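**Student:** Supplied in structure tokens, the structure appears directly below.
The values are calculated or read from the model by the stated rules, or taken from the named source; none is laboratory data. Remember, it's a predicted structure, so these values are computed and weren't measured experimentally. Reconstructed Cβ throughout: ideal geometry from the backbone, glycine too, with neighbour counts over all protein chains shown. Side chains included, ligands, DNA and RNA excluded: accessible areas come from the protein's heavy atoms. Shrake-Rupley method; radii C 1.70, N 1.55, O 1.52, S 1.80 Å.
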Amino acid sequence: MEWSDEGVILSVRPHGETGAVAEVFTRAHGRHLGLVHGGRSRKLRPILQTGNHVDATWKARLAENLGHFTVEMRKGYAALVMEDAAALTALSSLAELARLLPERDPHPNLFEVTLFVLSFLDEREMWPALVVRWELALLEELGFGLDLASCAATGARENLHYVSPKSGRAVSEA
């Protein structure tokens with residue numbers, strides 16, 4: 001079994017002396033885990049940073065196995081936000097929340113939104129609103145979509161302050 005796809009690094013943890021287990025959110029294959037041989041080397045360590053956009057090739061004998069990743073850098077979003085603590089926190093939050101997605105379940109729309117948000121993390125006035133929109137898209141993908149357009153009780157579109165836990169719709173203060 002083998003496939004290639006673009007993805008975003010969600011997490012990396014050490015495995016053995018030189019290897020690493022990478023968790024990658026891909027466009028067509030969803031959240032996937034794989035062993036990266038030499039993942040803790042000087043060559044691969046900069047690539048395997050949370051939030052980096054990569055080209056990944058996954059190989060395994062069976063589809064159910066852990067498999068092996070080979071990765072190549074497309075864009076290093078982690079390096080863009082290293083100087084900004086708030087943007088770095090947003091990047092970490094995106095990666096951690098994406099881990100709520102079921103493993104190996106594709107979410108191509110959320111992947112596109114993720115890349116869009118990552119591309120704006122270096123623009124301080126833009127990314128906070130985009131991260132909130134990303135979180136709403138994540139809730140939608142997980143089956144907990146919110147309808148915040150109008151009040152569930154009155155239909156009013158102004159002065160909306162609460163979200164009904166039962167219906168997932170906005171509720172006005174009145």
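**Student:** Of the accessible area of the range 1-134, with the probe set at 1.4 angstrom, what percent is carbon plus sulfur?
**Tutor:** In the range 1-134, the share of accessible area belonging to carbon and sulfur is 54 percent.
**Student:** Once the piece of chain linking residue 42 and residue 84 is laid out straight, how much longer is it, given 0.36 nm per residue of separation minus the C-alpha distance between them?
**Tutor:** Net length gain for the segment: 12.7 nm.
**Student:** Starting from the 7 Å offset along Cα-to-Cβ, what nm value, one decimal, do you get for the label separation of residue 57 and residue 100?
**Tutor:** Inter-label distance under the simple model: 3.5 nm.
**Student:** Pairs of alpha-carbon atoms within less than 8 angstrom and 6+ residues apart define the contacts here; what relative contact order does the chain have, in percent?
**Tutor:** 17 percent
**Student:** If you average the sequence gap of Cα pairs under 8 Å that are 6 or more apart and divide by the length of the range 1-73, what percent do you get for the contact order?
**Tutor:** 35 percent
**Student:** Please give the net charge around residue 40, taking every other residue with its beta carbon less than 11 angstrom from that of residue 40, where Lys and Arg add +1 and Asp and Glu add -1.
**Tutor:** Computed value for this residue: +3.
**Student:** Where both partners of a DSSP beta bridge lie in the range 22-111, what percent of those bridges are antiparallel, to the nearest 5?
**Tutor:** Values: 12 of 14 bridges.
Here the antiparallel bridges make up roughly 85 percent for the range 22-111.
**Student:** Measure nothing fancy, just the Cα-based angle from helix 108-119's long axis to the longest principal axis of the chain, in degrees from 0 to 90, nearest 10.
**Tutor:** Between the helix axis and the principal axis of the chain, the angle is about 90 degrees.
**Student:** Right, something else. What is the magnitude of the charge dipole of the chain about its Cα centre, with +1 placed on the Cβ of each Lys and Arg, -1 on the Cβ of each Asp and Glu, and no other charges, expressed in debye to the nearest 20? Don't skip to the answer; put the middle values down first.
**Tutor:** Details: 18 positive and 23 negative charges, 100 e Å.
Using Cβ point charges on Lys, Arg, Asp and Glu, the chain gives about 480 debye.
**Student:** With a Förster radius of 45 Å, plug the Cβ-Cβ distance of residue 66 and residue 162 into 1/(1 + (r/R0)^6) and report the FRET value to the nearest 0.05. Don't skip to the end; give the middle numbers.
**Tutor:** Values: r = 44 Å, r/R0 = 0.98.
The formula returns an efficiency of 0.55 here.
**Student:** Using only Cα atoms, tell me the angle between helix 85-98 and the longest principal axis of the chain; keep it within 0 to 90° and round to the nearest 10.
**Tutor:** 90 degrees
**Student:** Straight-line reach from residue 43: which lysines have Cα under 21 Å away, leaving out those fewer than 8 places along the same chain?
**Tutor:** 59, 75
**Student:** For the range 109-174, evaluate the Debye formula with one uniform point scatterer on each Cα (no solvent term) and list log10 I(q)/I(0) at q = 0.13, 0.21, 0.25 Å⁻¹, rounded to two decimals.
**Tutor:** Treating every Cα as an identical point scatterer, log10 I(q)/I(0) equals -0.46, -0.86, -0.96.
**Student:** Would you calculate a helix-derived [θ] at 222 nm for the chain, using -39,500 (n - 2.57) for each DSSP H run of n ≥ 4 and dividing by the full residue count, to the nearest 500? Intermediate results must be reported in sequence, preceding the final value.
**Tutor:** Working: 4 runs with 45 residues, N = 174.
Calculated from helices alone, the mean residue ellipticity at 222 nm is -8000 deg cm²/dmol.
**Student:** Another question about this same structure. Find how many whole Å separate the alpha carbon centroid of the range 120-174 from the alpha carbon centroid of the range 27-71.
**Tutor:** About 34 Å separates the Cα centre of the range 27-71 from the one of the range 120-174.
**Student:** Tell me, what is the per residue accessible area of the chain in Å², probe radius 1.4 Å?
**Tutor:** Per-residue value: 57 Å².
**Student:** Using only Cα atoms, find the angle between the long axis of helix 127-141 and the longest principal axis of the chain, and express it within 0 to 90 degrees, rounded to the nearest 10.
**Tutor:** 90 degrees
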